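A short write-up of the structure that comes next.
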Amino acid sequence: MNSRNKSLIYAAIVGLIIVAIFLGFLSSLTNPISWLLIVVLALTPMLYNKVRKTNEVVWKEEYSVGIESLDNDHKKLISLLNHFTTAYDYAMSEEFEREALNDLINYTKYHFDREEQLLEQHDYADLEAHKAQHKQMIKQVNSFMDLYNEKGHDALNEISDFLANWLINHINGTDKEYSELLSQKGVK
C-alpha cells in the first residue's frame, strides 16, 4: 500500500472520529466517550508519525568523502532521490514521476562526469574501475527507464530501492577510496 492510500485511510479514520465525537455531544456535553475520542483525535497525528514508514534518505556526516564539492553533489543526489521517492510514494502524476526520475538521472550523470574528471586530474590509480562502476550503474538505470516506460508507476518502487541502496553503498565504499588522495592534493 503506497503512502497516498495510507494517507486516505488516515483521513477517513480522523473523519469517523470527528463524526463520533459530534454524535456523542448531541446526546450530552458530558458524554465521556466523546471526551475520550477527543483525546484519541489529539493523539492520532503523533501515533501516525510514529508508525509511518518513510523511504527518505537522510544525509549523515559518515557519508562525507571529505571533499566539499563532492559532498554537496552527494547531498543534491540524495535530495533528488527523495524527491523521486516522494513522487512514487504519493502516486503523483506520470509527468511528475518522469520529471523527478529524469532530474535524478541527469544530475547523476553530471556528477559522475565531474567526479571522473577530478579523479583524472589527480591521477587516481583506480579511475578505470571507478568509471566502470559508474557505467554499470547508468546501464542499470537505463534498463529501469525501459521498465518504467513499459510498466509505468508499478516499476518505481524497484527503481527507488535500487538507487537508494546503490548511492549510499557507492559513497561509503568506492567514493571513500579516493578521499585521502584528493585531500592530500588540496582538493576541497
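The values are calculated or read from the model by the stated rules, or taken from the named source; none is laboratory data. Bear in mind that the values here come from a model prediction, so they are computed numbers and not experimental data. With ideal geometry, Cβ positions are generated from the backbone for all residues, glycine too; neighbour counts draw on all protein chains shown. In case anyone asks, the SASA skips ligands and DNA or RNA and just uses the protein heavy atoms, side chains included. Shrake-Rupley method; radii C 1.70, N 1.55, O 1.52, S 1.80 Å.
Annotations for the structure displayed:
- Residue within the range 166-183 that is over 18 Å from residue 75 (Cα atoms), in a loop (DSSP other than H, G, I, E, B) and among the charged types (D, E, K, R) present: no
- Taking the criterion of being among the polar types (S, T, N, Q), open to solvent by 50 Å² or more (accessible area, probe 1.4 Å) and either touching a Cys at 6+ places or on another chain (Cβ under 7 Å) or in contact (Cβ under 8 Å) with a residue 40 or more places away in the chain (or both), the only residue of the range 16-74 that qualifies is 55.
- Output for the range 1-57, where each listed residue is of a type outside the set (Ser, Thr, Tyr), modelled with pLDDT under 80 and closer than 30 Å to residue 167 by Cβ: 1, 2, 4, 5, 6, 49, 50, 51, 52, 53, 55
- Residue count for the range 114-160 satisfying the condition of being over 18 Å from residue 93 (Cβ atoms), open to solvent by less than 90 Å² (accessible area, probe 1.4 Å) and assigned to a helix (DSSP H, G or I): 20.
- Flag for residue 104 being free of Cβ contacts under 8 Å to residues at least 24 places away in the same chain, surrounded by 18 or more Cβ atoms within 10 Å (Cβ to Cβ) and touching a helix residue (DSSP H, G or I) at 6+ places or on another chain (Cβ under 8 Å): no
- Residue under evaluation residue 177, criteria (1) of a type in the set (Asp, Glu); (2) under 21 Å from the mean Cα position of the chain (by Cα); (3) open to solvent by 20 Å² or more (accessible area, probe 1.4 Å), criterion not met: (2)
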